[in-house]
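Colleague: The structure follows.
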Amino acid sequence: MNSDLSPTHSAVELGNLVELHRLLLAGADVHEEHDGLTLLHAAVDAEIDSHTQTGKPLHVDATALLLAHGADPQRKSGGGSGVSAHHMAFVSGHWLACALFEAWTARSQSGS
């Protein structure tokens, strides 16, 4: 694992949801970036990698936790010059994250 990752990015990479939740509750920035990836982008990437490497079903554990803490799936990476986590999920074939992002976006736009 990359040793220059922040504690929050490390928690995402390791799938340590308890630690990620604790850090976010303690005030970690849900939109923090590392190497041009927000935590949400990193979660999508880690979830795809886990599925690809293990053959286990896709999951959205970290993605859902980050959304619950205010992450925006439409926010672009790279300080606004990159792609959104939703786009990244779509291109990567993470259909489950796409479904979650679409539902989140619909609710956000309807004010629910």
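Colleague: Looking at (1) closer than 21 Å to W95 by Cβ; (2) out of contact with any helix residue (DSSP H, G or I) (no Cβ under 9 Å at 6 or more places or on another chain), which is the only condition L25 fails?
Modeller: (1)
Colleague: Could I ask something else about it? Taking the condition of being within 23 Å of D29 (Cα to Cα) and either touching a Lys or Arg at 6+ places or on another chain (Cβ under 9 Å) or part of a loop (DSSP other than H, G, I, E, B) (or both), how many residues in segment 87-112 meet it?
Modeller: Residues flagged as within 23 Å of D29 (Cα to Cα) and either touching a Lys or Arg at 6+ places or on another chain (Cβ under 9 Å) or part of a loop (DSSP other than H, G, I, E, B) (or both) within segment 87-112 amount to 1.
Colleague: For V18, state whether it is more than 16 Å from A71 (Cβ to Cβ) and either basic (K, R) or assigned to a helix (DSSP H, G or I) (or both). Outline the logic, then answer.
Modeller: Numbers: more than 16 Å from A71 (Cβ to Cβ): yes; either basic (K, R) or assigned to a helix (DSSP H, G or I) (or both): yes.
Yes: the conditions hold for V18.
Colleague: Could you please find all residues in segment 56-77 being assigned to a helix (DSSP H, G or I) and crowded, with 19+ Cβ neighbours inside 10 Å?
Modeller: Result: A62, T63, L65, L66, L67.
Colleague: Separate question: Can you name every residue in segment 56-71 that is among the charged types (D, E, K, R) and modelled with pLDDT under 95? So that I can check it myself, show each step before the final result.
Modeller: Looking only at segment 56-71, we keep the residues that are among the charged types (D, E, K, R), and these are 56, 61.
Within segment 56-71, just K56 meets the criteria.
Colleague: Inspect all residues belonging to segment 78-86 and state whether any of them is modelled with pLDDT of 95 or more, within 20 Å of L5 (Cβ to Cβ) and either outside any helix (DSSP H, G or I) or of a type outside the set (A, V, I, L, M) (or both).
Modeller: No, segment 78-86 has no match at all.
Colleague: Does any residue in segment 64-81 that is touching a residue at least 24 places away in the same chain (Cβ under 8 Å) come within less than 7 Å, Cβ to Cβ, of a residue that is among the small types (G, A, S) and surrounded by fewer than 16 Cβ atoms within 10 Å (Cβ to Cβ) six or more places away or on a different chain, and which pairs are these?
Modeller: Hits for this filter: S77/G36; G78/G36.
The values are calculated or read from the model by the stated rules, or taken from the named source; none is laboratory data. Remember, predicted model here, so these are calculated numbers, not experimental data. When we count neighbours, we look across all protein chains shown, and the Cβ atoms used for this are built from the backbone with ideal geometry, even at glycine.
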